[in-house]
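A short worksheet on the structure shown next.
Coordinate-derived values only; no laboratory data. Predicted model, so just to flag it, every value in this text is computed and none were measured. With ideal geometry, Cβ positions are generated from the backbone for all residues, glycine too; neighbour counts draw on all protein chains shown.
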C-alpha cells in the first residue's frame, strides 16, 4: 500500500519524517496557505495541499496539519498537539508513541534507532528528556545530540551554539521571579536572552517571555517549561486579566500525571495590525 503524506510546517522533526517517508517509497505533499507552505501558526488552517489531482489513490496521512475546512475528512492523523490526536497526553515514558516521528515510523514499520529516539523525545517532551525521564535516554545524550543537531540546522559551529546556551543559562539564573496564580516564573519579559527555550529546558525552570513574531507582526507572550497546573493559571491570567487573544494551548497535550512537560504556548495581542504596546505584566 502506498500512502500520501501531507506534511505541516517545516522543522527539524518534519525534515526527518519527510526523508523517512520518501526513502520508504511513499508520496509527499505539503499543506499550503496561498502559494506557500504552512508554518506553525497556520498549519491547521491550510487552504489546500500541494498534491496534484489524481496523484494519490491510497490513504492520506496528515502530519501535524489540517485543512481549514473541517468537513474534509482526514484518513489518518499523525500528531500529538490536540485532543484526539494519537500522541495526545502521552507521558515521557511513552515518548515514542507520543511523537509524530515515532508514529510515522510505527506506521511504516521502521525500527527506531537511537538517533530517531533522541529526535522523538526532543520533539515530544524535551524538558522531561533533560530530566532523565525518557527511557533509554540520558540527559547527557540529549544535550550532546541537541547541540550537534541544532548547530547543523542553524548552520553554525557547535562551539558557538554552546556558548549561547551557556550564556542563556547564566542569565536565567539571575532573573527575578513573577508570581501568577500562586506559581513562580522566571521573568524574561522584554529581555533578549540567548537560547531561552533551551536554557529553560535544561534548567527545568518555568519562564515567562515575550518576542515579536516576524510573520504576523504581532507580539507573542509565552510561558515555557511549567507544569500543566502552572500553565493553566498563566492561560487564565493572559486571557482574563491581560485580555490577550489567540491563546495557544500546547499545555493540553500533557496529562496531569506528567509533571514537567516542555510546554510552550503563546498569547498574542488582539489588534494584530495596530501599533504594539506591551502591557506591564509586573503591575498585576
Given a Förster distance of 30 Å, report the FRET efficiency between residue 22 and residue 139 from their Cβ-Cβ distance, rounded to the nearest 0.05.
0.40
Given a Förster distance of 22 Å, the FRET efficiency implied by the Cβ-Cβ spacing of residue 47 and residue 74, rounded to the nearest 0.05, works out to 0.90
Which order results if 202, 165 are arranged by neighbouring Cβ count within 10 Å, fewest first?
165, 202
Modelled FRET efficiency - R0 45 Å, residue 152 with residue 2, Cβ distances, 0.05 increments
0.90
Once you keep just the Cα pairs under 8 angstrom separated by 6 or more residues, what percentage relative contact order results for the range 4-142?
18
